[in-house]
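Every number here is computed from the coordinates shown, using simple stated rules; none is lab data. Here the structure is a predicted model, which is why all the values come from computation and not from measurement. All Cβ positions, even for glycine, are placed from backbone atoms using ideal geometry, and neighbour counts span all protein chains on display.
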Amino acid sequence: MPKAKAVAPSNIAIVKYWGKRDDRLNLPATSSISITLSKLKTEVSVSFDEKIQKDEVLVEGRPATENAYKRVVAFLDVIRSKTNLPLFARVESFSNFPVSSGLASSASTFAALTLAATKAACASFTLQELARIARLGSGSAPRSLLGGAVEAVAGVLDDGSDFEVRQILPQERVFFAVVVVVVDAKEKSVSSRDGMNLCKRTSPYYERWLEYNQGLVSTAKSALLNGDMQTVGEIAEASCFAMHACCLSANPPLLYFAEPTVSVIQEVFDMRKEGIQVYVTIDAGPHPVLILPFDFVPKAVERISNLKGVVRVIVERAGEGAKIL
Ligand code: DP6
């Protein structure tokens, strides 16, 4: 019974991926840049088994929801077709962060699943082949294959064969901390996938958003390489708020922020006026993520922890990419 286990970290995008140029191939419309995190991780084990009649998927020890099950099975179908393996699989995933809190888990899950499933199928692929496979599971997953600061290069070819991941900085050269602020809020009601689709179909700003966001990529890369905190922070906020503006302009409007999300944003702006160099970014959910020089972490954490609706603050830094266990 071919079996393997892998672990992958979560990542937080500084230049967001929000929009697809091909839904079937799950090809991003723009490149994106993220920081691979060091603590928030998902472990996935895969065993192909000739004795089972359908795929079995357990998340945190419980059967996956119907949507999650379908997504994993579609992904396993890709692995089966690429490796000519005619067996069903048992997949188990565990995250060391509460998946139900709305913190992103699809990136870490599909990065770990890519490594575990290809290994269990006894197939070997190059990094870029693995990135293209992981992307079929989730567009943010390829970035978690590498550590540090990572770019997912969208490419231009119709078949996605020029989609790539590239490390911009190894983890030890990432010069800032990442602080995940878990706020008191209901689980997100619109998935990233559905949100992107809605924006593409209905937002008057969608095309402009893509053009603007793609334009941020090269400046963000130079700023990362030059240790330029201010530019990295300003770009992270620019990409984040333009993405959320695009969401708000969709029909129906898509609002991912909850009340405490707005309080945290306001507090970040206030701290900056006082000379505390801290920036904020938010994915498709209510939890803000701070980006700041290590020296400012204690002060910023104290200020943010005191806000109403903040339930947990996780001090993170850049970490290594996914690996087989
Ligand atoms: C806001 O990777 O979850 O976190 O490809 O449809 O699975 P799918 O989307 P997903 O989208 C991530 C969106 C984001 C921004 C980002 O991580 O770049």
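Within region 37-52, does at least one residue satisfy the condition of being surrounded by fewer than 16 Cβ atoms within 10 Å (Cβ to Cβ), more than 27 Å from G148 (Cα to Cα), under 19 Å from the mean Cα position of the chain (by Cα) and of a type outside the set (D, E)? No, region 37-52 has no match at all.
For A13, are the conditions met, namely being assigned to a strand (DSSP E or B), near the ligand (Cβ under 8 Å from one of its atoms) and hydrophobic (A, V, I, L, M, F, W, C)? Explain how you work it out, then say what you get.
On the way: assigned to a strand (DSSP E or B): yes; near the ligand (Cβ under 8 Å from one of its atoms): yes; hydrophobic (A, V, I, L, M, F, W, C): yes.
So A13 passes the test.
Candidates are the residues of region 17-37 that are within 10 Å of the ligand (Cβ to nearest atom) and assigned to a strand (DSSP E or B); the one that is farthest from R143 (Cα to Cα) is K20.
Return the residues of region 1-10 that are over 10 Å from the mean Cα position of the chain (by Cα) and within 16 Å of the ligand (Cβ to nearest atom); say none if nothing qualifies. Break it down stepwise before answering.
First, pick out the residues of region 1-10 that are over 10 Å from the mean Cα position of the chain (by Cα): 1-8.
Residue satisfying the conditions is A8 alone.
When each of I291, I276, I282 is tested for being surrounded by 15 or more Cβ atoms within 10 Å (Cβ to Cβ), over 26 Å from W209 (Cβ atoms) and in contact with a helix residue (DSSP H, G or I) (Cβ under 6 Å, 6 or more places away or on another chain), the lone residue that passes is I276.
Collect the residues in region 139-165 that are within 18 Å of T42 (Cα to Cα) and in contact with a Gly (Cβ under 6 Å, 6 or more places away or on another chain), keeping them in residue-number order. Spell out the reasoning first.
Kept after step one, since they are within 18 Å of T42 (Cα to Cα), are these residues of region 139-165: 139-148.
Passing the criteria: L145, L146, G147.
Scan region 187-194 and give yes if some residue there is farther than 19 Å from L40 by Cβ, assigned to a helix (DSSP H, G or I) and within 10 Å of the ligand (Cβ to nearest atom), otherwise no. Checking region 187-194: at least one residue is farther than 19 Å from L40 by Cβ, assigned to a helix (DSSP H, G or I) and within 10 Å of the ligand (Cβ to nearest atom).
Listed here are the residues, each with its yes/no results for (1) away from the ligand (no atom under 16 Å from the Cβ); (2) not β-branched (V, I, T).
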{"position": "F75", "(1), (2)": "no, yes"}
{"position": "S105", "(1), (2)": "no, yes"}
{"position": "K119", "(1), (2)": "yes, yes"}
{"position": "L136", "(1), (2)": "no, yes"}
{"position": "L145", "(1), (2)": "no, yes"}
{"position": "E151", "(1), (2)": "no, yes"}
{"position": "G160", "(1), (2)": "no, yes"}
{"position": "V174", "(1), (2)": "yes, no"}
{"position": "V178", "(1), (2)": "no, no"}
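Residues that are assigned to a loop (DSSP other than H, G, I, E, B), surrounded by 23 or more Cβ atoms within 10 Å (Cβ to Cβ) and within 14 Å of the ligand (Cβ to nearest atom): does region 251-270 have at least one? It would help to see each step written out before you state the result.
Taking region 251-270 and keeping what is assigned to a loop (DSSP other than H, G, I, E, B), we get 251-258.
Next, from what is left, pick out any that are surrounded by 23 or more Cβ atoms within 10 Å (Cβ to Cβ): none.
No, every residue in region 251-270 fails to be assigned to a loop (DSSP other than H, G, I, E, B), surrounded by 23 or more Cβ atoms within 10 Å (Cβ to Cβ) and within 14 Å of the ligand (Cβ to nearest atom).
G285 meets each of the listed conditions (1) closer than 20 Å to I35 by Cα; (2) part of a helix (DSSP H, G or I) apart from (2). Can you confirm whether region 277-287 contains a residue that is touching a strand residue (DSSP E or B) at 6+ places or on another chain (Cβ under 6 Å), within 14 Å of the ligand (Cβ to nearest atom) and of a type in the set (S, T, Y)? Yes, because at least one residue in region 277-287 is touching a strand residue (DSSP E or B) at 6+ places or on another chain (Cβ under 6 Å), within 14 Å of the ligand (Cβ to nearest atom) and of a type in the set (S, T, Y).
Could you tell me which residue of region 202-246 is nearest to the ligand (Cβ to nearest atom), considering only residues that are without any contact (Cβ under 8 Å) to a residue 12 or more places away in the chain and part of a helix (DSSP H, G or I)?
F241
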